[in-house]
Amino acid sequence: MKALIQEKILKNPFVRRVSVLVGGTALGQLITILALPILTRLYGPEAFSVLAVYSSVLSLITVIACLRLEIAIPLPKSDRMAAALCVLAITSVIFFTLLTTVFIAIFPDIFNTLTDNKISHFLWLLPIGVLAIGLYNTLQYWSTRRKKFHLIAKTRITQSLSGTIIKLIVGIINSSWTAGLIIGQVISQGTGFISLSRSLLKNDWQLFKKIKPAYLKATLKKYKNFPKYSTLEAFANVGGIQIPIILIAYYSADAEAGYLMVAMQLLSAPMSLIGNSVAQVYLSEGAERHHRNELKQFTIKTIINLAKIAFIPLLLIALLAPFLMPYFLGEDWQRTGKLISWMAPWFFMQFITSPVSMSLHITGNQKIAFILQFTGLLLRVGSLLITIQFHEKYLVESYAISGFVFYLVYLLVILREISIYKKDSQFKLNKEI
C-alpha cells in the first residue's frame with residue numbers, strides 16, 4: 001500500500017497538485033461550516049437573507065468582470081501572451097469596478113427597487129467586492145499557470161479564516177450590524193489577491209513590464225471568443241442560481257433567502273469539493289478515452305460511481321435534516337432543515353451530472369453546453385415566476401424542483417450526445433476501413 005501511494009500519488013504531479021488545491025479548499029470550507037452554528041446564533045435569518053441578496057448581486061457582476069479572459073491565462077504557450085491576458089483581465093475588472101461605482105452613485109434606486117431595498121445600506125460594498133474578487137480570480141489563474149498551487153491553497157485557507165473571524169467579532173459586538181456578515185464574505189472570497197499580487201510583483205514583474213498596448217490589442221483579438229461567447233454562458237450559469245435567490249428574497253414575506261442560503265452552503269460544501277475534484281480528473285482522463293472511442297463507457301461508469309458515493313449520504317441528510325437543524329443551527333433555523341430535504345434530489349443530480357458535463361467540451365459540443373445553460377436559466381426563473389402567480393409560499397420548493405429537472409435534462413442530453421458521438425465515430429471508422 002505504501003509503495004502504491006508513493007507510485008500513484010506522491011510521484012504523480014497532477015494528482016499531487018489537485019490534492020494541494022483540494023486540501024486548501026477543504027480546510028477553508030471546514031472553517032466556514034464549523035463557524036456556522038455560532039454565526040446562526042449571532043445573526044438572525046433576516047441578516048442571512050440580506051447576505052444572500054448581496055452575494056447574488058455580487059456574483060452576477062463578478063462572473064463577467066474579467067470578461068472570462070482569466071480562464072484563458074493558462075492556455076498560451078507564450079508567457080508573454082499569458083501576461084497580456086492577465087493585464088487585460090485586470091483592466092476589465094477595474095473598468096467594471098468603476099462602472100459599478102458610477103451606476104450606484106447615479107442610479108441607486110434601480111438596485112434598491114430590484115432588491116426590495118434589502119441591500120440599500122450596503123451598496124457601497126459592491127464595488128469593493130467586484131474589485132477584490134475580480135483581482136483574486138485573475139491572479140489565481142496566473143498563479144495556476146506558474147504552478148503555485150501551495151500559494152493558492154494558502155490564500156483559500158487564510159481568506160476563509162479571516163472572513164469568519166470578522167463575522168464572529170462583529171456579531172459578538174453588535175449582531176444587528178449585518179455589514180459584518182457582508183464584509184466577512186468579501187474577505188473570505190477576495191482578499192487573497194494581496195498575497196497573489198505580491199508573488200507576481202516579486203517573481204514576474206519584469207515580464208509584465210514588457211507588455212505594450214499593441215500587443216494587448218493583438219492578444220485580445222486572438223482570444224476574442226472568450227468575452228464574446230464564454231461570458232454569456234458563464235452569466236447564464238450563475239444567473240440560473242443567483243437570480244432566483246433575488247426573486248425569492250423580493251417576493252417572500254419572511255427570511256426565505258436566508259434559510260435557502262444556509263441550506264445551500266451546507267449541501268454544496270462537501271458536494272462541490274468532491275465534484276470539482278472528480279471533474280478535473282474526468283477532464284484529463286476523458287480526453288484520452290475520447291481518442292480511444294471509450295468515452296461513453298467511461299462516462300457511464302463515472303456517473304454510477306458518483307451515484308454510489310452520494311445516494312446514501314444525501315438520503316440520510318434529507319431524512320434527518322428537519323430534525324437536526326434546530327439543534328445544529330438554533331431553534332430559528334428549522335425551516336433550513338426542511339429546505340435541505342427538498343433540495344437533496346437537486347444536489348444529487350447536480351453531483352452526478354456536473355463532473356461529466358465536461359464531455360460536451362471534450363466532444364466539441366460547446367454550443368449545446370451554451371444552450372443548456374440558458375435553458376436552465378429560463379427554466380429556473382420561469383418556474384419561480386409561475387409560482388409567484390399562484391402560491392408565493394412555495395417559491396423555494398419550486399426552485400429546488402426546477403434545479404432537479406434541469407440537471408436531469410442535462411444528464412439525458414449528455415448521455416444522448418456521447419451515444420451519438422460514438423455512433424458517428426464508429427461510422428467514420430468503418431467508412432475509412
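The values are calculated or read from the model by the stated rules, or taken from the named source; none is laboratory data. Computed from a prediction, not measured in an experiment: that's the story for all the values here. All Cβ positions, glycine included, derive from the backbone under ideal geometry; neighbour counts span all protein chains shown. We work out accessible area using only protein heavy atoms, side chains counted, and drop any ligands, DNA or RNA first. Shrake-Rupley method; radii C 1.70, N 1.55, O 1.52, S 1.80 Å.
Taken over segment 233-260, the residue count meeting the criterion of being farther than 14 Å from I61 by Cα and either open to solvent by 40 Å² or more (accessible area, probe 1.4 Å) or touching a strand residue (DSSP E or B) at 6+ places or on another chain (Cβ under 7 Å) (or both) is 4.
Residues are listed down the side, and each one gets a yes or a no for (1) under 19 Å from the mean Cα position of the chain (by Cα); (2) open to solvent by 60 Å² or more (accessible area, probe 1.4 Å):
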| position | (1), (2) |
| --- | --- |
| Y327 | no, yes |
| T336 | no, no |
| F347 | yes, no |
| T363 | no, no |
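Checking the condition surrounded by fewer than 18 Cβ atoms within 10 Å (Cβ to Cβ), more than 26 Å from the chain's Cα centre (by Cα) and either among the small types (G, A, S) or on the phi < 0 side of the Ramachandran plot (or both), which residue from K224, K210 passes? Of the residues listed, the single one that is surrounded by fewer than 18 Cβ atoms within 10 Å (Cβ to Cβ), more than 26 Å from the chain's Cα centre (by Cα) and either among the small types (G, A, S) or on the phi < 0 side of the Ramachandran plot (or both) is K210.
Look through T164, T158, T138, T144 and report the one residue that is under 27 Å from L60 (Cβ atoms), part of a helix (DSSP H, G or I) and open to solvent by 50 Å² or more (accessible area, probe 1.4 Å). Reasoning before the result, please.
Values: T164 fails: open to solvent by 50 Å² or more (accessible area, probe 1.4 Å); T138 fails: open to solvent by 50 Å² or more (accessible area, probe 1.4 Å); T144 fails: open to solvent by 50 Å² or more (accessible area, probe 1.4 Å).
That would be T158, the only listed residue that is under 27 Å from L60 (Cβ atoms), part of a helix (DSSP H, G or I) and open to solvent by 50 Å² or more (accessible area, probe 1.4 Å).
Can you find even one residue in segment 60-82 that is part of a helix (DSSP H, G or I), farther than 30 Å from P108 by Cβ and open to solvent by less than 20 Å² (accessible area, probe 1.4 Å)? The answer is yes; a qualifying residue exists. Residue check: is I317 modelled with pLDDT of 80 or more and crowded, with 19+ Cβ neighbours inside 10 Å? So I317 passes the test. The requirement of being more than 16 Å from L125 (Cβ to Cβ) and open to solvent by less than 10 Å² (accessible area, probe 1.4 Å) is fulfilled nowhere in segment 183-191; no residue meets it.
Candidates V278, V262, V238: the one that is in a helix (DSSP H, G or I), more than 16 Å from S55 (Cβ to Cβ) and either modelled with pLDDT of 85 or more or not polar (S, T, N, Q) (or both) is V278.
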